[in-house]
Amino acid sequence: MPRFSVIVPAYQVQAYLSECLDSVLTQSYPDLELIAVDDCSPDACGTIIDEYAARDARVRPVHLAENQGLGRARNAGLAEATGDYLVFLDSDDTLTPHALRSIADRIKEAGEPDVLVYDYARTYWDGREVRNALAGQLTEQGPAPFRLEDRPGLLRVLMVAWNKAYRREFVEGHGFTFPPGYYEDTPWTFPVLMTAESIATLDRVCVHYRQRRQGNILGTTSRKHFDLFEQYDRVFAYVERHPELARWRPELFRRMIDHYATVFTKRDRLPRGSHGAFLRRARAHYRRYRVPGTRMRRRNVLVRFGLHRTFRAFQLVSAVRRRLGKAAVKLARAVRTGVLRLHYRIQLRLPVRADRAVFGSGAGQGHGGDPGALEEAFRSHAPHIRTAWIARPEHRHTVPPGPRPLRPGTAAYWTALARARYLVTDDVLDPGLRKRPGQILVQTRQGTPLGHIGLDLRERPAAARDTDFARLLRDVDQWDLALSGNRHSTLTGERALPGRYRTLEYGAPRNDVFQRATSADVTRLRASLGIPEGAVAILYAPAHRDYLRTQRPLLDLERIVRRLGPRFLVLARTHGHRRPEGARIIDVGDHPSVQSLCLASDALLTDYASIMFDYAGLDRPIVVHTEDWDEYRAARGTYFDLHTFPPGAVARSEDELIDIFATGHWRGSRSTQLRSVFRQRFCPYDDGRAAERVVRHVVLGETELPPVIPLGERKTVPSACARSPQATVPQPAGPLPVTERR
C-alpha cells in the first residue's frame, strides 16, 4: 500500500501533461502511485499516459470509454486508489520539488489528520509566479490537528480539491465523490472540511497552479457557469442531511453569494444576454438559503434584489471610489516623499558634522551585532562623537541610553544621513543614500562566510533569488572601509564584493564581549533564560536556507532531548513560522542578543551558520549537523568542505548526533583539537579589543593600535558545565527501539 495516491485526470492537455506527470514521478518521496485518468481525450493524452505507464510501474493508467468531465474522471481515479492519502492534481498543474516529502512529514507531525491543506502559487504564461494571497491562513503556529471551527478562515482559501491531501479511509467512510458539471470542487471541498474531525496545514507552496493564456475552462464564456447553482444546492442538501453542521449555514451563505457576485462580475464569463437570468437565479438562492442576521458585503446585498442595472451602477461607483481613494493616498505619499527628498538635498549642501555618527543593523533592526559593538566603542573611546541608531518603531526599545534613536524615513533620519561624518552598518543604510565627500562609510558585514556571498551567487539562482547585482555593486562603491575577522573573510570579501574600499582585518567587534564576560554574567544570563542549575544547555542555531520558501527543521529536537536525558536542554534559535516546543526546549528565536545566548550555552549545535566562527572564539564545544550538506552546497555553494575542516564533531544523521552527545564526544579531546585548529584560522584577532582598534584607527587616527593578544594568552569565560565530568548520559545497548527510529 503506497503512502500517496496521486490522481491526475487528463483531457486535451497534451502540451502540459508530461510536465505534470514528471513533477509527480521525480518527487524525492517515491512512495506513491500515480493514477492517470484519460477522460476520452481526443488528443494524445491517452498515448502519453500509456508511455509513462510502460516506463514506471507506479503509473496506473485508466481510460474512460466516453468523456465524463473532471469530477467523474476524478471519481474513476478514486475507485482505483489504494494509498493512505489521496492527492488530486490537475493535468496542467505541477507539484513543486520535494512537495510530497513535506506533505508526508507534516502528516506524520500532525498525527495523521483527515485533511492536510497546503499552499499553492499561480504561475503565468509570461513567467510570473504569485503566491496565494491568503497564505496566512495556512500558518503552522498553534495546535495541530484542529477542527474547522478552530480556524474557520480556511473556508476563504480557494475552494479546490488539489490544495489538500485526504486520508483515504476518511473519504471512503463518508462516501465523498465529485458531482458532474462546472465548479465540481465546491460540493466536495465544503463538506469535506466541515466533516473532518482533524485538519492540519502546511505553510509551503506544493502546487504550481498554471494560469493559461487561453483555454482555462472556468475562464471561457458559457452557460455552463449556471452549474454553480446546482453545486450550491448540493452543499446545502449535505448540511440538511447532517444537522450537526447547521452552524456553518451563515458562512456558507456568505460564500455562496460572494461566489455568485464574482462569476457575475467577471468579464467574458457569462454569455451576452444571460446576465439577467443569472441574477434572477442568484436572487432565488438568496431567498432560499438566507440565514436571518447574516452580515453581507454591500455588493452582495444587491443580489438579494436581482437588480442588474443597479448592480452595474454600484460596480462603477465602487470602482471610481477605489481609484479616487488610491489616487489620494498615492498623491499624499508622493508629496511627502518629494518634501523629504527636497529636505535631504538641502541637508547635503550643508557642512558635514565631524562629531556625528549614525549606526544601523539590517533594515532598521535592533541595537546589536558589529554596529552595536562599535556604537558602544565610539561612546567609550571617542566620547566627543554623538551617536545615533536607526531603528524601526518595533525595535526602538532595544536602543540603550546614549545613542539617539532615528526612525527610518523621517526628516531627522535624512538629516543624520546627510550630515554625519561616520556611517556604520552591516547591511544597506538606505537605498537612497548619497555618500558625500567628507563622510566615512564603515561596512562591518555579517560574519565569516561559509556559503557563497556577493558576485559568487551569480551562478546560484536558488540562493540569489532576486538579487540585483548591479545595485549591490553600487552599494559597495560607497564603502570606504570594510571590517574583517580573518584572512579568509578578507580574501573572500574583496573578490566577491569588489570595490575601492580598504579592509580592516581587526577582528569581529560583536565578539569582544566574549573576552569581557565573567562567570557572574554567565550565571545571570542562564537564570534569565530559565536554564536550571547543572543543566547542559545546547544552543541550536541552524543556517537559514534562503533558497527555500518555508524553513523546516531537519532535527526532531524533542526526540533528541528525550534520548539524551533530563540533564540536557536545547536553546532553539530556528527559522520559520513554527516554533519549537517541548519540556526541555527553550525557544530563543526572538532573543535580541546572539552573543548572550552563546555565553549562556555550554555547546553549539549548528550546520552551516556563520555563528560557528563566532562561537569558536568563545572556545566552547561545537557540533555540526550536515545531513543535507550536498543539497546546501549545490544550492548555495561553499568556500570549503566542512567535513575536512570542521570546528568539532560532525554528525551526518540525527542518530549520529545523539550518539555524539550521549557518549561525550562533543567535548572530547578530538573535538577540542579540531576546534583549536579552526579557532587559529578564523579567530586570530578576537581578543576583546576589535572595536577599540577600529575606533582608534578610524576616528582618532592612531597608527599604533593595541596589540593582538595571542590565542594562548586569552582568558575566555568557561561554560557552566566546563568543570563537570558528568555531562554525558549512558548510551543504550543495541539498536534503537522501533519507536525511536526515524
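The values are calculated or read from the model by the stated rules, or taken from the named source; none is laboratory data. As the structure is a prediction and not an experimental result, all values here were calculated from the model. Because the Cβ atoms are built from the backbone with ideal geometry, glycine has one as well, and the counts that use them run over all protein chains shown. When the accessible area is computed, the model is the full protein with side chains, heavy atoms only, and any ligands, DNA or RNA have been set aside. Shrake-Rupley method; radii C 1.70, N 1.55, O 1.52, S 1.80 Å.
Could you list all residues from the range 663-677 that are touching a residue at least 60 places away in the same chain (Cβ under 8 Å) and either at positive phi or crowded, with 19+ Cβ neighbours inside 10 Å (or both)?
Scanning the range 663-677 gives Gly664, Trp666, Arg667.
Can you tell which of Gly136, Gly111, Gly142, Gly153 is surrounded by fewer than 21 Cβ atoms within 10 Å (Cβ to Cβ), in a loop (DSSP other than H, G, I, E, B), free of Cβ contacts under 8 Å to residues at least 40 places away in the same chain and not aliphatic (A, V, I, L, M)?
Result of the check over Gly136, Gly111, Gly142, Gly153: Gly142.
Collect the residues in the range 183-198 that are touching an Asp or Glu at 6+ places or on another chain (Cβ under 7 Å) and crowded, with 17+ Cβ neighbours inside 10 Å, keeping them in residue-number order. Spell out how you get there, then give the answer.
Of the residues in the range 183-198, the ones touching an Asp or Glu at 6+ places or on another chain (Cβ under 7 Å) are 183, 196-198.
Once the filter is applied, which keeps residues that are touching an Asp or Glu at 6+ places or on another chain (Cβ under 7 Å) and crowded, with 17+ Cβ neighbours inside 10 Å, the range 183-198 yields Tyr183, Ala196, Ser198.
Residue by residue through the range 424-453, note down the ones that are small (Gly, Ala, Ser) and crowded, with 19+ Cβ neighbours inside 10 Å. Full working, then the answer.
Initially, the range 424-453 is screened for residues small (Gly, Ala, Ser), giving 432, 438, 447, 451.
Scanning the range 424-453 gives Gly447, Gly451.
Output the residues belonging to the range 114-133 that are part of a strand (DSSP E or B) and over 22 Å from Pro97 (Cβ atoms).
Across the range 114-133, the qualifying residue is only Val115.
The conditions are (1) open to solvent by 50 Å² or more (accessible area, probe 1.4 Å); (2) out of contact with any Gly (no Cβ under 6 Å at 6 or more places or on another chain), and Thr410 fails exactly one of them. Which is it?
(1)
Do we find that Leu457 is assigned to a strand (DSSP E or B) and buried (at least 21 other Cβ atoms within 10 Å of the Cβ) in this structure?
no
Go through (1) within 19 Å of Arg445 (Cβ to Cβ); (2) small (Gly, Ala, Ser); (3) at pLDDT below 95 and name the single condition Gly338 misses.
(1)
Given the condition free of Cβ contacts under 8 Å to residues at least 24 places away in the same chain, surrounded by fewer than 18 Cβ atoms within 10 Å (Cβ to Cβ) and in a helix (DSSP H, G or I), answer yes or no: does some residue in the range 476-486 qualify?
no
Quick check on my filter: what residues within the range 11-39 are crowded, with 24+ Cβ neighbours inside 10 Å and small (Gly, Ala, Ser)?
The answer is Ala36, and nothing else.
Looking at (1) more than 26 Å from Tyr124 (Cα to Cα); (2) among the aliphatic types (A, V, I, L, M); (3) open to solvent by less than 20 Å² (accessible area, probe 1.4 Å); (4) in contact with a Cys (Cβ under 7 Å, 6 or more places away or on another chain), which is the one condition that is false for Val8?
(1)
Out of (1) buried (at least 20 other Cβ atoms within 10 Å of the Cβ); (2) part of a helix (DSSP H, G or I); (3) of a type outside the set (Lys, Arg), the odd one out for Asp90 is which?
All conditions are met except number (2).
For the range 162-182, give me each residue that is open to solvent by less than 40 Å² (accessible area, probe 1.4 Å) and either of a type in the set (Asp, Glu) or free of Cβ contacts under 8 Å to residues at least 40 places away in the same chain (or both).
Correct list: Phe176 only.
All but one of (1) surrounded by fewer than 23 Cβ atoms within 10 Å (Cβ to Cβ); (2) polar (S, T, N, Q); (3) under 23 Å from Ile103 (Cβ atoms) hold for Asn67; which doesn't?
Result: Asn67 fails condition (3) only.
Report whether or not Arg60 is surrounded by fewer than 17 Cβ atoms within 10 Å (Cβ to Cβ) and of a type in the set (Lys, Arg).
Taking the combined requirement at face value, the residue does not satisfy it.
Which residues, taken from the range 50-73, are over 18 Å from Pro2 (Cβ atoms) and assigned to a helix (DSSP H, G or I)? Before you say what the answer is, go through the steps one by one.
Of the range 50-73, the ones over 18 Å from Pro2 (Cβ atoms) are 50-51, 54, 63-73.
Residues satisfying the conditions are Asp50, Glu51, Ala54, Leu70, Gly71, Arg72, Ala73.
Which of the residues belonging to the range 503-531 are at negative phi, touching a residue at least 24 places away in the same chain (Cβ under 8 Å) and outside any helix (DSSP H, G or I)?
Leu504, Glu505, Tyr506, Ala508, Ala517, Thr518, Ile531, listed by residue number.
Applying the selection to the range 238-281, what residues are surrounded by 18 or more Cβ atoms within 10 Å (Cβ to Cβ) and assigned to a loop (DSSP other than H, G, I, E, B)?
Residues satisfying the conditions are Arg269, Leu270.
Tally up the residues in the range 97-106 that are out of contact with any Phe, Trp or Tyr (no Cβ under 7 Å at 6 or more places or on another chain) and crowded, with 20+ Cβ neighbours inside 10 Å, please.
3
Can Thr398 be described as more than 27 Å from the chain's Cα centre (by Cα), polar (S, T, N, Q) and open to solvent by 20 Å² or more (accessible area, probe 1.4 Å)? Give the steps one after another, and end with the answer.
Details: more than 27 Å from the chain's Cα centre (by Cα): no; polar (S, T, N, Q): yes; open to solvent by 20 Å² or more (accessible area, probe 1.4 Å): yes.
When the stated conditions are applied, Thr398 does not pass them.
Under 7 Å between Cβ atoms, at least 6 apart or on separate chains: pull out the pairs that start in the range 212-237 with a residue that is open to solvent by 10 Å² or more (accessible area, probe 1.4 Å) and end on any residue that is modelled with pLDDT of 70 or more and hydroxyl-bearing (Ser, Thr, Tyr).
That search, which allows pairs on different chains as well, returns Leu218/Tyr182; Arg223/Ser274; Lys224/Tyr182; Asp227/Tyr182; Asp227/Tyr183.
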